[in-house]
Each structure stands twice: as structure tokens, then as C-alpha cells.
1. Scan segment 44-71 for residues that are of a type in the set (A, V, I, L, M, F, W, C) and either open to solvent by less than 40 Å² (accessible area, probe 1.4 Å) or more than 12 Å from the chain's Cα centre (by Cα) (or both) and jot them down.
2. As an exercise: evaluate GLU74 against (1) within 29 Å of ILE16 (Cβ to Cβ); (2) open to solvent by 60 Å² or more (accessible area, probe 1.4 Å); (3) without any contact (Cβ under 8 Å) to a residue 40 or more places away in the chain; (4) more than 13 Å from the chain's Cα centre (by Cα) and give the number of the one condition it does not meet.
3. State the number of residues belonging to segment 10-40 that are in contact (Cβ under 8 Å) with a residue 24 or more places away in the chain, open to solvent by 40 Å² or more (accessible area, probe 1.4 Å) and either among the hydroxyl-bearing types (Ser, Thr, Tyr) or out of contact with any Gly (no Cβ under 8 Å at 6 or more places or on another chain) (or both).
4. Surrounded by 17 or more Cβ atoms within 10 Å (Cβ to Cβ) and more than 23 Å from ASP19 (Cβ to Cβ): which single residue out of THR84, THR88 fits that description?
5. Would you confirm whether any residue within segment 25-35 is of a type in the set (S, T, N, Q) and over 14 Å from the mean Cα position of the chain (by Cα)?
6. Output the residues belonging to segment 38-52 that are aliphatic (A, V, I, L, M) and in contact with a strand residue (DSSP E or B) (Cβ under 8 Å, 6 or more places away or on another chain).
7. For segment 14-96, list the strands (runs of 3 or more DSSP E) that sit wholly inside it and hold at least 2 residues that are aromatic (Phe, Trp, Tyr); which are they?
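The values are calculated or read from the model by the stated rules, or taken from the named source; none is laboratory data. None of the values given here were measured: they were computed from a predicted structure. As a convention, Cβ positions derive from the backbone with ideal geometry for all residues, glycine included, and neighbour counts pool all protein chains shown. Accessible surface areas use protein heavy atoms only, side chains included; no ligands, DNA or RNA. Shrake-Rupley method; radii C 1.70, N 1.55, O 1.52, S 1.80 Å.
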Amino acid sequence: MEDRIESAKIIREIAIKFDKPVFLAGDINDTPGSDVLNLLTDDWKILSNPNMPTFCSDKPEKCIDFILGFKNSEVFIEVLYSKTGNETLASDHLPLWANIVTGK
């Protein structure tokens, strides 16, 4: 877990340099409410639905995959909808989609 917390800090230091939308997506390996997700959501908005399980794809029981948008005072991100796919053969994680609008 310490590695994931340090990684979150490094990613933040990179993302803060941009004045346009920055997204982070993938297997975070932690669930909502964990120390890592709590740290990330200080600076990142969860764009996917954290209540939809993504792992394991053949019998999803927990959400450990996320789409996140960096919170930036110069950029807004609005989620129109997000969903979790039902593809069980391509990966042991379910796919995520988010339809978003961004702007300044």
C-alpha cells in the first residue's frame, strides 16, 4: 500500500502542471474508502461509478478500477454517464466507460 500512496503523490505532482483536463484510469488495486482512494480523491474526481463492481470479471464483487479526472480550478469535468461493461473473457477486470464533457 505504501507504494500506491507514493505513486499517487508522484502522479499528482505531474498532473498539477497542466492547465487542461488530465485523466487517470485503470486498476488502482484499492476500494472506495481505502487510504489510497481517499488520498486520490483529494485531487481527483471519480468519473466512473464506484458502486459498480469491476473485479473479478466473471463474478464481480468489488470495485478496484476507476476513471478519475484531476480537479483543476481552470478546468471543469462533468460526467454525462458512466457504465461498467459485461465482458468476461478479455480480462479479469470488467471494462469501464465514462461519457464526459470538459471545458474551461
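1. Of all residues in segment 44-71, those of a type in the set (A, V, I, L, M, F, W, C) come to 44, 46-47, 52, 55-56, 63-64, 66-68, 70.
Once the filter is applied, which keeps residues that are of a type in the set (A, V, I, L, M, F, W, C) and either open to solvent by less than 40 Å² (accessible area, probe 1.4 Å) or more than 12 Å from the chain's Cα centre (by Cα) (or both), segment 44-71 yields TRP44, LEU47, MET52, PHE55, CYS56, CYS63, ILE64, PHE66, ILE67, LEU68, PHE70.
2. (3)
3. Count: 12.
4. Numbers: THR88 fails: surrounded by 17 or more Cβ atoms within 10 Å (Cβ to Cβ).
Just one listed residue meets the conditions, THR84.
5. Pass one, segment 25-35, residues of a type in the set (S, T, N, Q): 29, 31, 34.
Filter once more, so that each one left must be over 14 Å from the mean Cα position of the chain (by Cα): none.
Checking segment 25-35: not a single residue is of a type in the set (S, T, N, Q) and over 14 Å from the mean Cα position of the chain (by Cα).
6. Listed by number, the residues that qualify are LEU40, ILE46, LEU47, MET52.
7. On the way: elements: 23-27, 44-46, 65-70, 76-84.
Strands (runs of 3 or more DSSP E) meeting the threshold: 65-70, 76-84.
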